[in-house]
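Q: Please read through the structure below; I'll follow up with questions.
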Amino acid sequence: MTGNLEITVHASGNKTVSPSIVDPIYLSIFSHRFMGIAEQMGRTLQRTSISVNIKERLDFSCALFDCYGGLVANAPHLPVHLGAMSEAVRYQVKHWRTPSGELDITDGDVLVSNHPQLAGGSHLPDITVITPIFQEGKIVFFVASRGHHSDIGGIAPGSMPPMSKTLVQEGAAIVAFKLVEHGEFQEEGISKLLLAPGDLADNYGTRNLSDNISDLRAQVAANNRGKLLVDELVGEYSLAVVQAYMLFIQEAAEAAVRRMLCAFSKERGLDALSGSVGAVDHLDDGTPICLKISINREEGSAVFDFAGTGPEMFGNLNAPPAVTTSAVIYCLRCLLADIVDLPLNQGCLTPIRILLPKNSILNPSPTAAVVGGNVLTSQRVTDVIFRAFNAVAASQGCMNNLTFGDATMGYYETIAGGSGE
């Protein structure tokens, strides 16, 4: 992947780097530049948000994506958001594509969604705001921010109801909406969506709409900051070079995962073509989470098969597929000891195939309650993956959550805590 660097510095200060030659120094530079963009987005979101959940608890994540929705780089924010956000961006690309193949998205549009099963969300309080970045009339990148809103309606304040049985009881569900259209913030439209659960019997719309609107505006501002920084990077190096190193970074992550899988297979003495390891853990009610990892050492690929995992439950510990994807990509990145500087990105998943049994707790129906799956089941999935690799000791497998409020406000807190056994 390496070669001699071709670089020219113009009188304007702009640089010309060959997009066909991968230089390890520039690979590191671009890794940090991409990650720095996501970090700056996070700082902007923290400064401009108003809710305790985002401003002080820092329950948010920001990331940069390629034009297809593949994760390129993220700041070290919340792991459960990061793999899932890629699914959210991909869904929006699919949703807004017209029959002619064009995207019904223009420069100045900003998209918003939070539906867990249909639109790549995690749970409903996590609202994702997605901004396309255009160059010469075409989308070349996306930036996105996901923030946990302290209340978006539902049967309990804080929108984390312990006893929810269906998704509609957990708050407002947004599949796809243009939060900003042609540069105009659509406050009336998003307000209707956030208040909609209140039209149902024994349910409520958001209990603090003003905080929701303020935090959504902050997410738009964070994305605008990312867009500005991406435009500056393109102006400095050219679009061809930036996109090339975006690809090189993903390829480097892919190669690192393949090396890790091969090394693990040899270390465990597995069959070269179909050797496998597995692990099982259980939720508190006894529901199993089963995993079999089959590794092809010749290809450096693996299949993560969750067959045997318990069926969808009439409760809220179901976890949408994007959450399991997040757990897989997070664990793989943690296992890559040989690439310290490389950001977590979509390349980590290129050698991986994930199989989730339909109508299980890890692949529930679109109406299933999922609010607890994001904060508890996700932890157990992570424990199972690390156990299969014999890598990390598990603890209690729960984020320890507290929620309270009344008809006018709601608050939610993740206490966290725990230790390895």
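Q: Which condition number in (1) under 23 Å from Asp305 (Cα atoms); (2) in a loop (DSSP other than H, G, I, E, B) is the one that Met399 fails?
A: Condition not satisfied by Met399: (1).
Q: I would also like to ask the following. Cβ-Cβ under 8 Å, sequence separation 6+ or interchain: first residue in segment 344-362 and closer than 30 Å to His32 by Cα, partner acidic (Asp, Glu) and part of a strand (DSSP E or B). Which pairs?
A: Gln346/Asp66
Q: Go through segment 86-115 and give me each residue that's open to solvent by less than 50 Å² (accessible area, probe 1.4 Å), in contact with a Ser or Thr (Cβ under 6 Å, 6 or more places away or on another chain) and not small (Gly, Ala, Ser).
A: Val110
Q: Okay, moving on. Scanning segment 72-81 for residues that are surrounded by 17 or more Cβ atoms within 10 Å (Cβ to Cβ) and modelled with pLDDT under 90, which turns out farthest from Leu209 (Cα to Cα)?
A: Step one: of segment 72-81, the residues surrounded by 17 or more Cβ atoms within 10 Å (Cβ to Cβ) are 72-75, 77-81.
Restricting the remaining residues to those that are modelled with pLDDT under 90 gives 73-75, 77-81.
Working: Ala73: 31, Asn74: 29, Ala75: 28, His77: 25, Leu78: 24, Pro79: 27, Val80: 25, His81: 23 Å.
Ranking the qualifying residues of segment 72-81, first place goes to Ala73.
Q: Please state which one of Leu179, Leu193, Leu209 is crowded, with 17+ Cβ neighbours inside 10 Å and within 22 Å of the chain's Cα centre (by Cα). Steps first, answer last, please.
A: Details: Leu193 fails: within 22 Å of the chain's Cα centre (by Cα); Leu209 fails: within 22 Å of the chain's Cα centre (by Cα).
Just one listed residue meets the conditions, Leu179.
Q: Another question, if that's okay. Within 22 Å of Lys55 (Cβ to Cβ), of a type in the set (Ser, Thr, Tyr), touching a residue at least 24 places away in the same chain (Cβ under 8 Å) and in contact with a Lys or Arg (Cβ under 7 Å, 6 or more places away or on another chain), is that true of Thr206? Step through it out loud before you land on a result.
A: Numbers: within 22 Å of Lys55 (Cβ to Cβ): yes; of a type in the set (Ser, Thr, Tyr): yes; touching a residue at least 24 places away in the same chain (Cβ under 8 Å): yes; in contact with a Lys or Arg (Cβ under 7 Å, 6 or more places away or on another chain): no.
No; evaluated as a whole, the condition is false for this residue.
Q: Does Val371 qualify as being farther than 25 Å from Val277 by Cα, touching a His at 6+ places or on another chain (Cβ under 9 Å), at pLDDT below 95 and assigned to a loop (DSSP other than H, G, I, E, B)?
A: On the way: farther than 25 Å from Val277 by Cα: yes; touching a His at 6+ places or on another chain (Cβ under 9 Å): yes; at pLDDT below 95: yes; assigned to a loop (DSSP other than H, G, I, E, B): yes.
Yes: the conditions hold for Val371.
Each row is one residue, and each column tells you yes or no for (1) at positive phi; (2) assigned to a loop (DSSP other than H, G, I, E, B); (3) surrounded by fewer than 18 Cβ atoms within 10 Å (Cβ to Cβ).
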residue	(1), (2), (3)
Leu261	no, no, no
Gly269	yes, yes, yes
Gly278	no, no, yes
Asp285	no, yes, yes
Ala307	no, yes, yes
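Q: Report the residue count in segment 312-348 for those that are closer than 20 Å to Phe264 by Cβ and outside any helix (DSSP H, G or I).
A: 8
Q: Also, I was wondering about something else. Does segment 326-347 contain any residue that is open to solvent by 30 Å² or more (accessible area, probe 1.4 Å) and among the aromatic types (Phe, Trp, Tyr)?
A: The answer is yes; a qualifying residue exists.
Q: Take residues that are over 20 Å from Leu344 (Cα atoms), in contact with a Lys or Arg (Cβ under 8 Å, 6 or more places away or on another chain) and not aromatic (Phe, Trp, Tyr) and tell me which of the strands (runs of 3 or more DSSP E) falling wholly in segment 64-153 contain 2 or more. Steps first, answer last, please.
A: Working: elements: 71-74, 110-113, 126-135, 138-148.
Ranges flagged: 110-113, 126-135.
Q: Could you check, for segment 268-275, whether at least one of its residues is touching a helix residue (DSSP H, G or I) at 6+ places or on another chain (Cβ under 6 Å), charged (D, E, K, R) and modelled with pLDDT of 90 or more? Lay out the reasoning, then the answer.
A: First pass over segment 268-275, keeping only residues touching a helix residue (DSSP H, G or I) at 6+ places or on another chain (Cβ under 6 Å): 275.
Applying the additional criterion that residues be charged (D, E, K, R) yields none.
No; the residues of segment 268-275 include none that is touching a helix residue (DSSP H, G or I) at 6+ places or on another chain (Cβ under 6 Å), charged (D, E, K, R) and modelled with pLDDT of 90 or more.
Q: Select, from Glu184, Glu251, Glu188, the only residue that is modelled with pLDDT under 95 and open to solvent by 70 Å² or more (accessible area, probe 1.4 Å). Steps first, answer last, please.
A: Working: Glu184 fails: modelled with pLDDT under 95; Glu188 fails: modelled with pLDDT under 95.
None of the other options fit; the residue is Glu251.
Q: Looking at Gly36, is it in a helix (DSSP H, G or I), of a type in the set (Gly, Ala, Ser) and buried (at least 18 other Cβ atoms within 10 Å of the Cβ)?
A: Details: in a helix (DSSP H, G or I): yes; of a type in the set (Gly, Ala, Ser): yes; buried (at least 18 other Cβ atoms within 10 Å of the Cβ): no.
In short, no.
Q: Consider segment 236-248. How many of its residues are open to solvent by 40 Å² or more (accessible area, probe 1.4 Å) and assigned to a helix (DSSP H, G or I)?
A: At the first step, the residues of segment 236-248 found to be open to solvent by 40 Å² or more (accessible area, probe 1.4 Å) are 236, 238-240, 243, 247.
Filter again for assigned to a helix (DSSP H, G or I), leaving 236, 239-240, 243, 247.
Looking only at that region, the number is 5.
Q: Just need a number here: residues in segment 39-63 that are open to solvent by 10 Å² or more (accessible area, probe 1.4 Å), among the β-branched types (Val, Ile, Thr) and assigned to a helix (DSSP H, G or I).
A: Residues meeting the conditions: 3.
The values are calculated or read from the model by the stated rules, or taken from the named source; none is laboratory data. Treat the numbers as computed from the prediction; the structure is a model and nothing was measured. Using ideal geometry, Cβ is built from the backbone for each residue, glycine included, and neighbour counts are taken over all protein chains shown. Accessible surface areas use protein heavy atoms only, side chains included; no ligands, DNA or RNA. Shrake-Rupley method; radii C 1.70, N 1.55, O 1.52, S 1.80 Å.
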